[in-house]
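Asks: Mind looking over this structure? Questions follow.
The values are calculated or read from the model by the stated rules, or taken from the named source; none is laboratory data. Quick caveat, the model's predicted, so the values are computed rather than measured. Every residue, glycine as well, gets a Cβ built from its backbone with ideal geometry; the counts of neighbours run over all protein chains shown.
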Amino acid sequence: MTEVFIFYIFAALTVFAGLGVLLHPNPIMCALHLVAAMIGIAGLFFNLNAPFIAAVQIMVYAGAVMVLFLFVIMIFDLKEEGRGIFSYGALSNFLKILFAGLFSGLLLSSILFKISRFGYLIPDKTAPQFEVRNLAKVMFTDYVFAFEVLGLLLLVIPIGTVALSRIRGGTHAQ
Amino acid sequence: MLSSLLTIGLGHYLFVSGALFVMGLLGVLLRKNILVILMSIELMLNGVNLAFVTFGYFLNDVNGAVIVLFVIAIAAAEAAVGLALIVTLFKNFKEANIRFFEHLKG
Amino acid sequence: MFFTLLFAPLIGFLINGFRFRSKDYKVAGLIASGAMLVSFLSALVLFVQLAGMPEDSRVINVHLFNWINVADFSANMAFTLDPLSMTMTLIITGVGFLIHLFSMGYMSHDERPAKYFSYLNFFVFNMLLLVLGSNLLVMFVGWEGVGLSSYLLIGFWFSDPAKAAAGMKAFITNRIGDAGFLIGIFILFGLFGTVNFSEIASRVPAEPSLLWSSPITLACLFLFIGAMGKSAQIPLYVWLPDAMAGPTPVSALIHAATMVTAGVYMIIRLNPVFLAAPNAMMVVAIVGALTALMAASIGLVQNDIKKVLAYSTVSQLGYMFLAVGVGAFGAGLAHLMTHAFFKALMFLGSGSVIHAMHEEQDMRKMGGLKKHMPITHLTFVCGWLAIIGAPLFSGFFSKDEILWMAYHSPRGHVFLWVIGAVAAVFTAFYMTRLMAMTFWGKSRVPTDVHPHESPTIMTVPLMVLAFLSVFAGWLVVPHGVSTILPGHPSNILEHWIAPLMAPFEVGHGSLATEFTLMGLTLLLVILSAGLAYYMYVIKPELPEANAQKFQSTYQLLLNKYWVDEAYFKGLINPLIKLSRNLWSFWDVKVIDRATYFLSDRVKDAGGGLKMVQSGNLQIYALYILIGLVAGLFYIMKG
């Protein structure tokens, strides 16, 4: 029964925080809502018997990435956005919402009608499949190539980032 | 009815996941501020992550979690680059409105 | 050896072509003349080599590469050196070398000597391609190449619009002929399945085709159209007199000695085919005879020294076609050779005169140049005697042979002889008139011009050519004449090329008839020359009086029978009008509109579609979403 409560608490937190990101006019508040959503998702991960991933989620997202976001916002002092928070264009906005609605409908119907076709899956709660040992085993055997490529990516990214932030002037200089 | 609310299954998690994804989507489509758009993308990625872990859990499969780890790493990298770009743009234009960058001319 | 023969002029062309800005006529001339000398010496070596072979197998084949190979059709970049092409090669390189030397003197004041000499070498290269090619396609390449270099050289002083126009006229007139030549090649290929000369010769049917509409007759007629264009025969001769706009050595080399004889050479080369089409040969002979007569009659009254020589060239080419038309290919080649010598000589002589007169070409402003230019005069006299057919000079032998053949050959006719003889009489008149007006009589030179003898580099070629004009005839002594010249073999040249000739028996005919006709012609020629001398030297006021008396004839001849005007009125202007109408109606109102309509619709569509590419990132994201929704729909449905 506890996990039912945990689910509902974190699900509600996640959804409300997500709405906050979507709707709050102030970027700082958006970022803070995003942190809340990350924490909610981490809770859901925990509930899904994946404590390691939950920990990574908190550390990487709520920790590193969000700090970056907040730094940027603070450095450039992005305050309230004037004249609405949404892009203008009535027709395009209508189309965007229409298709997003269609998409949600399709998603919902697939969750309600297609997933149910698999019957009611009962997870083996004692299975240690998300333990770090097992994760590592799979990651360093089946996914070792992807892992190496990821390592390369993580090497390139800082270089690119530094290069980008060092650009002075260029064609866009004012 | 009540039992389906009290027994947490695949569908419940997927619903949250889908909700996160759609909210992120709407954020990307509608918001004006580039930073917020970037945040919305993170939101969408997290929705997907949740779906992966959910399926991994209910199907007793470890692959779901491994892919989530990769996604997190790539998302972090993407955020770093995206923010660097935004910093550069903002330094040059003092502008965070995505519509400002509509025209690809120097 | 063969490669130095063919490619030395090409290399000379390339060297001078790359340094075309150079104004140093000596260097350019030495490069070009050196290339020609190498070529000529190679030709001599090859000639000795060829002459050393047994009579029936005198041929050197050179295969460069496979040029075109499509299904049944194959054409190689291959060359054949046999007695016929050897003769032509010697004439081209020999006369060409002399004319290059002469050019060094003549073009010494020109602005662009390197360009001039590179064109000249380019011409020689193409001419060698033309005569050496072992199949019709290589010949055609040379054929077009000489046309191109002729165009470039006629319009060499293109800043004068009249000269540029003369170049274009030559080029366009030649295009008409070339189209005929190409069609002729196509028909021959369709008939024999090959374009190779030796293969064609071996596949020609033994029985001549007497039908006008048989393919072989048509092929010959179309080939003859090509020859008409290149060798300036009626009705395509109009470009040659205008071609005199080019530098005089060019007129000597291209428009007298070599290029214009290409048509004659082509017919001699294809003699088996032509012999199988007697009707086509008849056309060739008649056109040749008429051209000889008409051009000679125009030459009677022209006042421009080069124009006279140009019409004389057209007329002499007519003789050559008369010869090949009656089946006397050897006589045609003989006259081609002697004409190359004496006409090149006279053109160079006239060039020397023009040079001395400071670019004056009007004979009415000359006269009495004999004492100022003794060498030019003396060599010119040799050429004059040769062309009017004074006994024992080269023209006498070759022309006499042609006239005799026109009468005696089974394909000949007495009328052809009459026309040829009248043309010979006219020739004697206008050439004597030219001599009289230029060199003899009282000087009419304007007082501010001081004629002088040309430098050595110009007179040496004149002397060599004069020597050849006088003595080359001994190579082509007709059979009849050889009977009274004991010990001298007859028709050396004809025997030399005999292995290439299809069997066509003419026989020798009655000696009495031959000598009677010869004597008659000679008498008329002497009378005519004497009349000209009387009219232009002894009584210079007579021509004017006669011109008044025979006003209409005089005007007709002076205006060249109004052929140019007739062409303009009957052909060119209607064509221009038609083209204008086509342009203003069909092109502008139909085709342009249709294409504009299409392009406008495309533009509209693009204008509509460009809205999609707004640059708005979120709209692009929307497109992704739309695609996603569509994909999901598809999956869910299935």
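Asks: For segment A:36-64, how many residues meet the condition of being of a type in the set (Phe, Trp, Tyr), crowded, with 19+ Cβ neighbours inside 10 Å and over 11 Å from the mean Cα position of the chain (by Cα)? Write out each step before concluding.
Replies: Initial filter on segment A:36-64 (of a type in the set (Phe, Trp, Tyr)): A:45-46, A:52, A:61.
Next, only the ones that are crowded, with 19+ Cβ neighbours inside 10 Å stay: A:45-46, A:61.
Those left that are additionally over 11 Å from the mean Cα position of the chain (by Cα): A:45-46.
Of the residues in that region, 2 qualify.
Asks: Further question: For segment C:339-364, how many residues meet the condition of being part of a loop (DSSP other than H, G, I, E, B) and in contact (Cβ under 8 Å) with a residue 24 or more places away in the chain? Break it down stepwise before answering.
Replies: Quick first cut of segment C:339-364, residues part of a loop (DSSP other than H, G, I, E, B) only: C:357-361.
Subsequent filtering for residues that are in contact (Cβ under 8 Å) with a residue 24 or more places away in the chain retains C:357-358, C:360-361.
Here the count works out to 4.
Asks: Look through C:Leu101, C:Leu84, C:Leu120 and report the one residue that is touching a residue at least 60 places away in the same chain (Cβ under 8 Å) and farther than 30 Å from C:Ile185 by Cβ.
Replies: Working: C:Leu84 fails: farther than 30 Å from C:Ile185 by Cβ; C:Leu120 fails: farther than 30 Å from C:Ile185 by Cβ.
Result: C:Leu101 is the single residue among C:Leu101, C:Leu84, C:Leu120 that is touching a residue at least 60 places away in the same chain (Cβ under 8 Å) and farther than 30 Å from C:Ile185 by Cβ.
Asks: Given the condition in a helix (DSSP H, G or I) and farther than 22 Å from A:Ala12 by Cα, answer yes or no: does some residue in segment B:18-27 qualify? Steps first, please.
Replies: First, the residues of segment B:18-27 that are in a helix (DSSP H, G or I): B:18-27.
Among the residues that remain, those that are also farther than 22 Å from A:Ala12 by Cα are: none.
Within segment B:18-27, not a single residue is in a helix (DSSP H, G or I) and farther than 22 Å from A:Ala12 by Cα.
Asks: If you don't mind, there's one more thing I want to ask. Checking C:Met107 against (1) under 19 Å from C:Met86 (Cα atoms); (2) at pLDDT below 90, which single condition isn't satisfied?
Replies: Unmet condition: (1).
Asks: Still on this structure: Looking only at residues that are more than 27 Å from the chain's Cα centre (by Cα) and in a loop (DSSP other than H, G, I, E, B) in segment C:370-391, which one is modelled with the highest pLDDT?
Replies: C:Met373
Asks: Let me ask something else. If you go through segment C:434-465 one residue at a time, how many are in contact with a Pro (Cβ under 8 Å, 6 or more places away or on another chain) and either in a helix (DSSP H, G or I) or not β-branched (Val, Ile, Thr) (or both)? Break it down stepwise before answering.
Replies: Here is the first cut: in segment C:434-465, the residues in contact with a Pro (Cβ under 8 Å, 6 or more places away or on another chain) are C:441-442, C:445, C:453.
Filter again for either in a helix (DSSP H, G or I) or not β-branched (Val, Ile, Thr) (or both), leaving C:441-442, C:453.
Of the residues in that region, 3 qualify.
Asks: Still on this structure: Hey, can you tell me all the residues within segment C:130-151 that are of a type in the set (A, V, I, L, M), within 16 Å of C:Val62 (Cα to Cα) and in contact with a Phe, Trp or Tyr (Cβ under 8 Å, 6 or more places away or on another chain)? Give the steps one after another, and end with the answer.
Replies: The first filter runs over segment C:130-151 and keeps only residues of a type in the set (A, V, I, L, M), leaving C:130-132, C:136-139, C:141, C:146, C:148.
Next cut, within 16 Å of C:Val62 (Cα to Cα) only: C:130-132, C:136-139.
Matches in segment C:130-151: C:Leu130, C:Val131, C:Leu132, C:Leu136, C:Leu137, C:Val138.
Asks: Which residues, counting only those in segment A:17-58, are modelled with pLDDT of 90 or more, more than 13 Å from A:Leu70 (Cβ to Cβ) and small (Gly, Ala, Ser)?
Replies: Correct list: A:Ala17, A:Gly18, A:Gly20, A:Ala36, A:Ala37, A:Gly40, A:Ala42, A:Gly43, A:Ala54, A:Ala55.
Asks: Tell me yes or no: at least one residue of segment C:306-329 is closer than 30 Å to C:Gly367 by Cα, crowded, with 24+ Cβ neighbours inside 10 Å and more than 19 Å from the chain's Cα centre (by Cα).
Replies: Within segment C:306-329 (the criterion being closer than 30 Å to C:Gly367 by Cα, crowded, with 24+ Cβ neighbours inside 10 Å and more than 19 Å from the chain's Cα centre (by Cα)), the answer is no, since none of the residues qualifies.
Asks: Hey, could you check segment C:168-199 for residues that are buried (at least 17 other Cβ atoms within 10 Å of the Cβ) and of a type in the set (Val, Ile, Thr) and say which is farthest from C:Ser251 (Cα to Cα)?
Replies: Top of the filtered list is C:Thr194.
Asks: Right, here's the next one. So in segment C:588-638, with the set limited to residues that are among the basic types (Lys, Arg) and away from chain B (no Cβ under 14 Å), which one is nearest to the chain's Cα centre (by Cα)?
Replies: Filtering segment C:588-638 for residues that are among the basic types (Lys, Arg) and away from chain B (no Cβ under 14 Å), the one nearest to the chain's Cα centre (by Cα) comes out as C:Lys589.
Asks: Whether any residue in segment B:90-97 is over 21 Å from A:Ser109 (Cβ atoms), within 12 Å of chain C (Cβ to nearest Cβ) and touching a residue at least 40 places away in the same chain (Cβ under 8 Å) is what I want to check. Working first, answer last.
Replies: Looking only at segment B:90-97, we keep the residues that are over 21 Å from A:Ser109 (Cβ atoms), and these are B:90-97.
Applying the additional criterion that residues be within 12 Å of chain C (Cβ to nearest Cβ) yields B:97.
Subsequent filtering for residues that are touching a residue at least 40 places away in the same chain (Cβ under 8 Å) retains B:97.
Yes - at least one qualifying residue is present in segment B:90-97.
Asks: Same structure again: For segment C:227-241, how many residues meet the condition of being surrounded by 24 or more Cβ atoms within 10 Å (Cβ to Cβ) and over 11 Å from the mean Cα position of the chain (by Cα)?
Replies: 1
Asks: OK, next. Kindly indicate whether C:Gly367 is surrounded by fewer than 21 Cβ atoms within 10 Å (Cβ to Cβ) and in a loop (DSSP other than H, G, I, E, B).
Replies: Values: surrounded by fewer than 21 Cβ atoms within 10 Å (Cβ to Cβ): yes; in a loop (DSSP other than H, G, I, E, B): yes.
Criteria met by C:Gly367.
Asks: Among the numbered criteria (1) under 20 Å from B:Ser40 (Cβ atoms); (2) buried (at least 17 other Cβ atoms within 10 Å of the Cβ); (3) more than 8 Å from chain B (Cβ to nearest Cβ), which single criterion is violated by A:Leu70?
Replies: (2)
Asks: Also, I was wondering about something else. Would you confirm, using the coordinates I've provided, whether A:Ile41 is at the interface with another protein chain (Cβ under 9 Å from one of its Cβ atoms), β-branched (Val, Ile, Thr) and in contact (Cβ under 8 Å) with a residue 12 or more places away in the chain? Give the steps one after another, and end with the answer.
Replies: Details: at the interface with another protein chain (Cβ under 9 Å from one of its Cβ atoms): yes; β-branched (Val, Ile, Thr): yes; in contact (Cβ under 8 Å) with a residue 12 or more places away in the chain: yes.
Judged against the criteria, A:Ile41 is a match.
Asks: Consider C:Ala328 carefully, then state whether it is over 21 Å from C:His450 (Cα atoms) and modelled with pLDDT under 90. Outline the logic, then answer.
Replies: On the way: over 21 Å from C:His450 (Cα atoms): yes; modelled with pLDDT under 90: yes.
Criteria met by C:Ala328.
Condition check ((1) part of a helix (DSSP H, G or I); (2) under 21 Å from A:Ala64 (Cα atoms); (3) at pLDDT below 90) across all residues:
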position: B:Ile8; (1), (2), (3): no, no, yes
position: B:His12; (1), (2), (3): yes, no, yes
position: B:Ile41; (1), (2), (3): yes, yes, no
position: B:Phe55; (1), (2), (3): yes, no, yes
position: B:Val66; (1), (2), (3): yes, yes, no
position: B:Leu69; (1), (2), (3): yes, yes, no
position: B:Ala75; (1), (2), (3): yes, yes, no
position: B:Thr88; (1), (2), (3): yes, yes, yes
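Asks: Condition test on B:Ser3, is it without any contact (Cβ under 8 Å) to a residue 40 or more places away in the chain, facing chain A (nearest Cβ under 7 Å) and either in a helix (DSSP H, G or I) or under 28 Å from A:Ala136 (Cβ atoms) (or both)? If you could, list the steps in order and put the result at the bottom.
Replies: On the way: without any contact (Cβ under 8 Å) to a residue 40 or more places away in the chain: yes; facing chain A (nearest Cβ under 7 Å): no; either in a helix (DSSP H, G or I) or under 28 Å from A:Ala136 (Cβ atoms) (or both): yes.
Criteria not met by B:Ser3.
Asks: Any idea which of A:Phe99, A:Phe103, A:Phe147, A:Phe130 is closer than 24 Å to A:Phe45 by Cα and at pLDDT 90 or above?
Replies: Numbers: A:Phe99 fails: closer than 24 Å to A:Phe45 by Cα; A:Phe103 fails: closer than 24 Å to A:Phe45 by Cα; A:Phe130 fails: at pLDDT 90 or above.
Within the list A:Phe99, A:Phe103, A:Phe147, A:Phe130, the selection yields A:Phe147.
Asks: Go through the residues of segment B:27-38 one by one and say whether even a single one is under 15 Å from the mean Cα position of the chain (by Cα), at the interface with another protein chain (Cβ under 8 Å from one of its Cβ atoms) and small (Gly, Ala, Ser).
Replies: yes
Asks: I need a count of the residues in segment C:292-326 that are under 22 Å from C:Val506 (Cβ atoms) and in contact with a Phe, Trp or Tyr (Cβ under 7 Å, 6 or more places away or on another chain).
Replies: So the count comes out to 1.
A quick yes/no check of all residues on (1) part of a helix (DSSP H, G or I); (2) of a type in the set (A, V, I, L, M, F, W, C); (3) buried (at least 24 other Cβ atoms within 10 Å of the Cβ):
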site: C:Ala243; (1), (2), (3): yes, yes, yes
site: C:Ser251; (1), (2), (3): yes, no, yes
site: C:His255; (1), (2), (3): yes, no, yes
site: C:Met266; (1), (2), (3): yes, yes, yes
site: C:Pro272; (1), (2), (3): yes, no, no
site: C:Ala289; (1), (2), (3): yes, yes, yes
site: C:Ala292; (1), (2), (3): yes, yes, yes
site: C:Gln302; (1), (2), (3): no, no, no
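Asks: Could I ask something else about it? Kindly establish whether B:Asn49 is free of Cβ contacts under 8 Å to residues at least 60 places away in the same chain, farther than 23 Å from A:Ser109 by Cβ and either surrounded by fewer than 20 Cβ atoms within 10 Å (Cβ to Cβ) or not aliphatic (A, V, I, L, M) (or both). Let's see the steps before the verdict.
Replies: On the way: free of Cβ contacts under 8 Å to residues at least 60 places away in the same chain: yes; farther than 23 Å from A:Ser109 by Cβ: no; either surrounded by fewer than 20 Cβ atoms within 10 Å (Cβ to Cβ) or not aliphatic (A, V, I, L, M) (or both): yes.
No: the conditions fail for B:Asn49.
Asks: If I filter segment B:65-89 down to residues being over 29 Å from A:Ala55 (Cβ atoms) and within 14 Å of chain C (Cβ to nearest Cβ), which single residue comes out as farthest from the chain's Cα centre (by Cα)?
Replies: It comes out as B:Leu89.
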